[in-house]
Amino acid sequence: MIWNSSKECMSREQMRELQGKRLNKLVNLVYHNVPFYREKLQALDISPDDIQTIDDIVKLPFTTKQDLRDNYPYGLMSAPKSDIVRVHASSGTTGNPTIVGYTRRDLSIWSEVMSRSLAAFGVTRDDTFSVSYGYGLFTGGLGAHYGVENLGATVIPASTGNTEKHIKLIRDLDITGIACTPSYALYLAETLDKMGVDKKDIKLRVGAFGAEPWTNNMRKEIEERLGLKGYNLYGLSEIIGPGVSYECQEQNGSHISEDHFYPEIIDPDTLEPIADGETGELVFTTLTKTGMPLIRYRTKDLCTLSHETCSCGRTNVKMGPIMGRSDDMLIVRGINVFPSQVESVILEIPELEPQYMLVLDRKNNLDTLQIQVEVRKDYFSDDLGSMLQMKKVLGDRLKNVLSISADIRLMEPNSIPRSEGKSKHVIDNRILK
Ligand code: ADP
Ligand code: ZN
């Protein structure tokens, strides 16, 4: 079902006109309310009047995650604090987290785009839908939650964890839909097996999977083991959260709600626009947000765009699957991890050498993170007590910074292979089959 056909099936011409109008309004809004943007535009000698059509967007400067950190916490908000009714934060960051603020209007846009997504997956008012993304500062839980409610299905705010109890609810409440990470879906399947529950005993029929990269092979496995149909749901907190784009029944790309989030693909090195079908970095401008709108935000996600017509009837542009990142961000159990965060912690501990390796794996469908780090020659010893103490200090600090626990391995001096040229700090054994 198409939730909002007037927007999802708009002609290209009308869409471009709408986007141009909204962009002009947005530039006016930030120019007059956000000193950061005003200064940037003045430095480029651009006034809001110079931005009239959507094609003028290329005149505008890019925004990065670093800009969000530098303006922590409220520096990029374009609404007065009294109009901000919700704040979320992105996972796993060094120093200041990236904070996003929403006005009441932003929240209703979010529910709207989430409803479009769920409707495209075939969810209806008759569904009972479990939201098994984490609730809290992370945007997944509450974002999906209000989308389900807005669509009119019954929401079960299961969140993550306590999987056996969750399975009992799935069975007893006749839950038909679930939103979670694809890896959690696989974990759910495993727990189902362990509990001896047959997929015929449950009524799950549709899954909204996202927040991390996944493949068609993972899709097949999840579908087969849970007896449902799985759809891709993409989003990021800086832009709004889940619901930025979603698959339709055709399942060869995810439609972007481009009346709200204008996408571009650029070459991450030259920052020049890239043609449809070619892989580059995805950039979004939030055309309608009023809490913390962003202009040309560099997501660092690598993918393609396609404006080809879709058999579902929607005309909104589609993005291909995320092929990787133009930075070194890793996603471990749904949490963003940067190797540089690990490095900064290691550098604070004098007994350790800044030689380290992050080894990622997937056991029982859950990501594991092992961090190997060398102890300096003068400190390396057979004294178990002092080694354990060092390990504990490192483990505690890492847990604090990364928000997830890692298996720490203290290594002998010179045991981690050195590489010539660009040093390698990550071994990712998680095969996305
Ligand atoms: P959120 O809090 O919404 O997960 P984050 O900012 O923590 O947002 O993480 C967003 C990032 O997660 C995206 O930039 C992308 O790298 C990844 N991501 C989200 N959804 C998907 C998806 N469906 N497929 C691949 N990667 C995804
Ligand atoms: Zn479609």
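The values are calculated or read from the model by the stated rules, or taken from the named source; none is laboratory data. Owing to the predicted nature of the structure, the values given are computational and were not obtained by experimental measurement. Heads up, the Cβs are rebuilt from the backbone with ideal geometry, glycines too, and the neighbour counts pull from every protein chain shown. Only protein heavy atoms, including side chains, enter the accessible area calculation; ligands, DNA and RNA are left aside. Shrake-Rupley method; radii C 1.70, N 1.55, O 1.52, S 1.80 Å.
Quick look at the values:
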read-out	value
Residue satisfying condition, being within 16 Å of ligand 2 (Cβ to nearest atom) and touching a residue at least 12 places away in the same chain (Cβ under 8 Å), within set Ser90, Ser117, Ser47, Ser78	Ser117
Test: residue in the stretch 58-81 that is of a type in the set (Gly, Ala, Ser), surrounded by 14 or more Cβ atoms within 10 Å (Cβ to Cβ) and in contact with a strand residue (DSSP E or B) (Cβ under 8 Å, 6 or more places away or on another chain)	yes
Those residues of the stretch 272-289 which are away from ligand 2 (no atom under 16 Å from the Cβ) and open to solvent by 40 Å² or more (accessible area, probe 1.4 Å), in sequence order	Glu272, Pro273, Ile274, Ala275, Gly277, Glu278, Thr279
Filter result for the condition that a residue is within 27 Å of Gly334 (Cα to Cα), at pLDDT below 90, in the same structural domain as Asn336 (by TED's automatic domain parsing) and touching a helix residue (DSSP H, G or I) at 6+ places or on another chain (Cβ under 6 Å), over Val373, Val401	Val401
Residue that is within 25 Å of the chain's Cα centre (by Cα), over 27 Å from Thr98 (Cα atoms), among the acidic types (Asp, Glu) and away from ligand 2 (no atom under 16 Å from the Cβ), where the choices are Glu224, Glu164, Glu190, Glu250	Glu190
Count of the stretch 345-400 residues which are in contact (Cβ under 8 Å) with a residue 60 or more places away in the chain and out of contact with any Gly (no Cβ under 9 Å at 6 or more places or on another chain)	12
Residues located in the stretch 364-394, provided they are open to solvent by less than 20 Å² (accessible area, probe 1.4 Å) and closer than 26 Å to Tyr184 by Cα	Asp367, Leu369, Ile371
Options Arg171, Arg205; residue that is in contact (Cβ under 8 Å) with a residue 24 or more places away in the chain, among the basic types (Lys, Arg) and more than 20 Å from Leu118 (Cβ to Cβ)	Arg171
Pick from the stretch 299-318, criterion among the hydroxyl-bearing types (Ser, Thr, Tyr) and near ligand 2 (Cβ under 10 Å from one of its atoms), ranking: most open to solvent (accessible area, probe 1.4 Å)	Thr309
Residues of the stretch 132-142 satisfying the condition of being assigned to a loop (DSSP other than H, G, I, E, B) and closer than 16 Å to Phe209 by Cβ	Ser132, Tyr133, Gly134, Phe138
Boolean, Glu149 is charged (D, E, K, R) and under 23 Å from the mean Cα position of the chain (by Cα)	yes
Matching option when the condition is assigned to a helix (DSSP H, G or I), more than 12 Å from ligand 1 (Cβ to nearest atom) and surrounded by fewer than 24 Cβ atoms within 10 Å (Cβ to Cβ), among Lys194, Lys203	Lys194
Residue satisfying condition, being closer than 20 Å to Met77 by Cβ, surrounded by 14 or more Cβ atoms within 10 Å (Cβ to Cβ) and out of contact with any strand residue (DSSP E or B) (no Cβ under 9 Å at 6 or more places or on another chain), within set Lys25, Lys40	Lys25
Verdict on Gly134 being more than 22 Å from Gln251 (Cα to Cα), crowded, with 21+ Cβ neighbours inside 10 Å and touching a helix residue (DSSP H, G or I) at 6+ places or on another chain (Cβ under 6 Å)	yes
Single condition Ser306 does not satisfy, out of (1) over 27 Å from Ser159 (Cβ atoms); (2) not assigned by TED's automatic domain parsing to the domain that holds Pro242	(2)
